[in-house]
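Shown next, in structure tokens, is the structure this report addresses.
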Amino acid sequence: DMLILARGENAPAPAQVPLELHALLEDVLQEAQFLTDTHTLELEGPKLCWTLGHPDGLKQVLLILLENALRYTPAGGRISLSLRVWEGQAEIRVMDNGIGISSADLTRVFERFYRASGSKQRNPVGSGLGLAIAKDIVAAHGGSLTLESEVGRGTVAILRLTLLSVPEPAF
């Protein structure tokens with residue numbers, strides 16, 4: 001994680017290409033399925049929703065968000081990815097019904113090395129860098145990443161990216 005942060009600070013922005021987000025979400029969800037056999041993972045939303053982005057970077061962001069959701073959601077819990085078009089943006093939500101984050105911790109979770117108080121007691125795995133890395137990648141894409149959470153009820157990570165207009169193919 002430290003190496004990823006160092007590279008991110010000193011490297012030029014990676015080339016961005018047109019990406020169909022639903023297909024990217026399907027790929028990420030398939031990978032995340034290998035991380036658990038005790039959680040339900042779901043995907044909903046429209047197909048053919050395009051943005052400009054770096055596929056590996058956005059995949060990394062989504063895997064960070066899914067890994068956090070899996071880590072802090074008890075076995076038998078549900079994690080869903082949803083995609084919707086909203087005010088000229090693609091909005092991706094990663095929702096879980098896990099332990100949640102306190103409002104005091106929520107203001108700091110994107111800081112490097114910060115670990116929410118509940119996360120230290122529940123599962124000490126991780127460096128405290130994942131959300132900082134995700135936020136940096138999203139910023140390089142001109143997007144935003146926010147969290148909403150309530151202790152005992154779960155967390156929603158909200159990723160917003162600018163939509164790309166892709167003309168319909170002429171047949």
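Starting from the Cα gyration tensor of the stretch 12-124, take the square roots of the eigenvalues, sort them a ≥ b ≥ c, and report rounded, prolate or oblate (rounded when a/c is under 1.5, otherwise prolate if a/b is larger than b/c, else oblate).
The shape class here is prolate.
Can you compute the charge dipole magnitude of the stretch 32-149 about its Cα centre, using +1 on each Lys and Arg Cβ and -1 on each Asp and Glu Cβ, nothing else charged? Give it in debye, rounded to the nearest 20.
That gives a dipole near 260 debye.
Only the coordinates and a few stated rules stand behind these numbers; no lab work does. Quick caveat, the model's predicted, so the values are computed rather than measured. Because the Cβ atoms are built from the backbone with ideal geometry, glycine has one as well, and the counts that use them run over all protein chains shown.
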